[in-house]
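I have placed the structure first, in the form of structure tokens, so that the comments after it can refer back to it.
The values are calculated or read from the model by the stated rules, or taken from the named source; none is laboratory data. No experiment lies behind these values; they were computed from the predicted model shown. In this analysis, Cβ positions are derived from the backbone assuming ideal geometry, glycine residues included, and neighbour counts consider all displayed protein chains.
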Amino acid sequence: MEPGEQLPTVTFQVTRADLVRYAGASGDFNPIHWSERTARAVGLPGVIAHGMYTMALVGRAVTGWVGSPDAVLDFSVRFTRPVPVPDDDVGTEVQVTGTVRSVADGRAELDLTATCQGQKVLNLARAVVRT
């Protein structure tokens, strides 16, 4: 990894079935993640993905770039926009990109971007990885 290097874009398909599986694994059964009526009643555009699920997708991209989960030393994000997931078999796409900010002492700092429908869904997304 070199400073300024653009890491390959990773695209994840997210469906309502993924949200059901994540809810079961995480125990987060908030109805905004499965009920269109509830999500719209609280002002959302519809059912949205769990924030931590979106973060996990970004973590998967980082792990893929560095080749091993134990190479990820630090990882943080701020949630800025929801990821709406339509009720069809296609769902939506979350695209993850990364740029190497710096490399020193066997570590690289990565600036990360996650987008859905052309909009950034995370802010201040960063990772520190072992090189």
Quiz prompt | Where a residue in segment 56-79 is free of Cβ contacts under 8 Å to residues at least 40 places away in the same chain and its partner, wherever it lies, is of a type in the set (G, A, S) and in a helix (DSSP H, G or I), with Cβ under 9 Å and at least six apart | solution = T63/A71; P69/G59
Quiz prompt | Only listed residue being within 18 Å of D18 (Cα to Cα) and crowded, with 22+ Cβ neighbours inside 10 Å, chosen from A125, A114, A108 | solution = A114
Quiz item: Taking A39 and the conditions (1) outside any loop (DSSP other than H, G, I, E, B); (2) within 18 Å of L124 (Cα to Cα); (3) over 12 Å from the mean Cα position of the chain (by Cα), which numbered condition does it fall short on, given that it satisfies the others?
Solution: (2)
Exercise. Filter segment 11-32 down to residues that are in contact (Cβ under 8 Å) with a residue 24 or more places away in the chain and touching a Leu at 6+ places or on another chain (Cβ under 8 Å) and give me whichever is surrounded by the fewest Cβ atoms within 10 Å (Cβ to Cβ).
Key: F12
Practice problem: Have a look at V94, V85 and point out the one that is modelled with pLDDT of 95 or more and under 27 Å from E2 (Cα atoms). | Solution: V94
Quiz prompt | Matching residues in segment 78-105 - criterion: being of a type in the set (A, V, I, L, M, F, W, C) and in contact with an Asp or Glu (Cβ under 9 Å, 6 or more places away or on another chain) | solution = V85, V100, V103
